[in-house]
Amino acid sequence: MLKPTDATRVHATAAGTGPTRRQLPQWIAHLPPCNAACPAGHNIQGWLGHALAGRWRQAWDLMLDENPFPAVCGRACYHPCESKCNRGELDAAVGIHAVERLVGDMARQEKWSPLRREPTGRRVLIVGAGPAGLSCAYHLARLGHTVEVREATEEPGGMMRWGIPAYRLPRDVVGDEIARIAAMGVTIACGQKVEDVLAEKEKGAFDAVFLAVGAQASNRLNIPAADGRRLIDGVTLLAEAERGQAPRLGRVVGVIGGGNTAMDVARVAKRLGAEEAVLIFRYDRPHMEALPAEAAEAFAEGVKIRWLSVASRFGASGVTVEAVEMGPDGSVKPTGRFETLPADSVVMAVGQHSELDFLRNVPGVAIEPNDVVAVDDQFMTGQNGVFAGGDMVGGARTMTTAIGMGKHGARAIDAYLDGARYEAPPKHPPISFQMLDLPVYLESIRHAQQELPLAARASFAEVVQGLSQDEGQAEAGRCLSCGNCFECDNCFAACPEQAIVRLGRGRGYRVDRDLCTGCGICFEQCPCHAIEMKAESQPTSGPLGTIGEPLAPHSFRVRV
């Protein structure tokens, strides 16, 4: 049995009990895993909230703060945000890209335009009109700078136009979102290949340059071709198909590679008339480089694959492949077992690199192995005022990564023009699924986007059809609001002292310090972990309790 003094000590030291309040609830902003995973830096949770409320324009405005291509990314981004979505631990990830596409298409239909600042008089040259270059141009224009873009090909868009097939990304979508950037005053000059960066900079009186030439040169393998046969590279095939100049591929097409580009090449080959498209891939299924969803779509359309196979020769009788074996470390070794597969054409889709000869004589610009330009944390090269981003500086080499680099480059250039360095704002603490408290959340089925039936996929018509507004709102409502208050009123209802005060819709809550005892029930009832209990600083002097503990500096008042 406890003595009275011991009982007092236990009572006084238990969190949230006794005569002394030692902690107070605080509403803390966290970084949701979807936001953290987005290469473009989207505030995904924020615009999902607007979409749920039907505030479509506000959702689009929030998207445009980070990314000028929501309709494009809603179709062609590989959405790493969804692979990190905490909802996936319950049933299925929120269809983030589908909601983004819906909002982007509404903006196209309604002709919404972004705001921009007053002109600064500063001039920036951008070399390359792909995702990185156009993203940089957009963000610089929003900041009030004058931007001119030089593009070597006949149309802007880079791999959005020449590398991603139209059945995934219709060209009117690309054109609409690029036209919005041009309408902001950005000059896009096509058919103008820049050969001398510094001369172009001086000639145009530009204050800075952003290089974004992409990686549109295909890597090649040393595969002998005999009997007049020719190996085709995947990037060239995709670009020629877009221009309507694709070569005759024949009945059976072999595609060397197992990544996303290889899947696109195989699907394009079938649309160009091939009866069979066979992928030749050196690894096994668990080590497939393509995203599972991309591979599933290709296989559904009849694309075949030869696992653990390496092409060694291409001749009149077909392509000769050698079976290989995978070791525990992921390496492959030849087996000496060969087989000839019938093939009229062979396409290589084994990666790309940048063509950087125009930079090799620019002082200070360092070109690293694998044809990658070295940049610092400001995306500046060794030549003062010359920045670079996108595929040519390495990294993930995805469209959305390039868009994010373009944004970062624009903000760094803006700071450079003011004689400063860009410092990204600090990030909020992360939030994991284990930190959530979800007893009241029920299963909610993900809304699937309608797709063209397989029998109707012989052309380049768009396969995925998108969501309706009602479906988009419902899908946005599946968001768990991880780590950030969405005003569910659980804390307000649960507080035994009625110490939680509503501040009005969109303004959250505050705690009435005269009523709060620090019991922590609000923290326990918060489903999204937006509340944390923080230690309350104790007074250095004042009345003491029976065992020497400092008492609260005031008396809790009673609500009447």
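Things to note:
- Single residue of the range 372-402 satisfying the filter (within 22 Å of the chain's Cα centre (by Cα) and aliphatic (A, V, I, L, M)) that is surrounded by the fewest Cβ atoms within 10 Å (Cβ to Cβ): Ala396
- Which listed residue is aliphatic (A, V, I, L, M) and in a loop (DSSP other than H, G, I, E, B), from Ala266, Ala262, Ala274: Ala274
- Qualifying residue in the range 451-468 (condition: outside any strand (DSSP E or B), more than 19 Å from Ala166 (Cα to Cα) and open to solvent by 60 Å² or more (accessible area, probe 1.4 Å)): no
- Per-region count, the range 81-100, residues open to solvent by 20 Å² or more (accessible area, probe 1.4 Å) and among the aliphatic types (A, V, I, L, M): 2
- Options Ala166, Ala152, Ala137; residue that is over 14 Å from the mean Cα position of the chain (by Cα), buried (at least 24 other Cβ atoms within 10 Å of the Cβ) and not polar (S, T, N, Q): Ala137
- From Gly364, Gly390, residue being over 22 Å from Gly163 (Cβ atoms) and not aromatic (Phe, Trp, Tyr): Gly364
- When Tyr441, Tyr416 are screened for being in a helix (DSSP H, G or I), open to solvent by 30 Å² or more (accessible area, probe 1.4 Å) and farther than 30 Å from Val303 by Cα, only Tyr416 passes.
- Put simply, of Gly250, Gly259, Gly204, Gly234 the only residue that is touching a residue at least 60 places away in the same chain (Cβ under 8 Å) and farther than 24 Å from Gly130 by Cα is Gly250.
- In the range 341-371, residue surrounded by the fewest Cβ atoms within 10 Å (Cβ to Cβ) [restricted to those that are over 30 Å from Val252 (Cα atoms) and of a type in the set (Val, Ile, Thr)]: Ile367
- Across the range 97-115, not a single residue is classified as in contact (Cβ under 8 Å) with a residue 60 or more places away in the chain and at positive phi.
- Unmet criterion (only one of (1) part of a loop (DSSP other than H, G, I, E, B); (2) at negative phi; (3) open to solvent by 80 Å² or more (accessible area, probe 1.4 Å)) for Gln434: (1)
- Phe314 being open to solvent by 80 Å² or more (accessible area, probe 1.4 Å) and over 17 Å from Ala266 (Cα atoms): no
- The condition of being of a type outside the set (Gly, Ala, Ser) and more than 33 Å from the chain's Cα centre (by Cα) holds for only one of Arg513, Arg478, that being Arg513.
The values are calculated or read from the model by the stated rules, or taken from the named source; none is laboratory data. On a predicted model such as this, the values are computed, not experimentally measured, just so you know. FYI the Cβ positions are ideal-geometry reconstructions off the backbone, even for glycines, and counts take in every protein chain you see. SASA here: full protein model, heavy atoms, side chains in, ligands and nucleic acids out. Shrake-Rupley method; radii C 1.70, N 1.55, O 1.52, S 1.80 Å.
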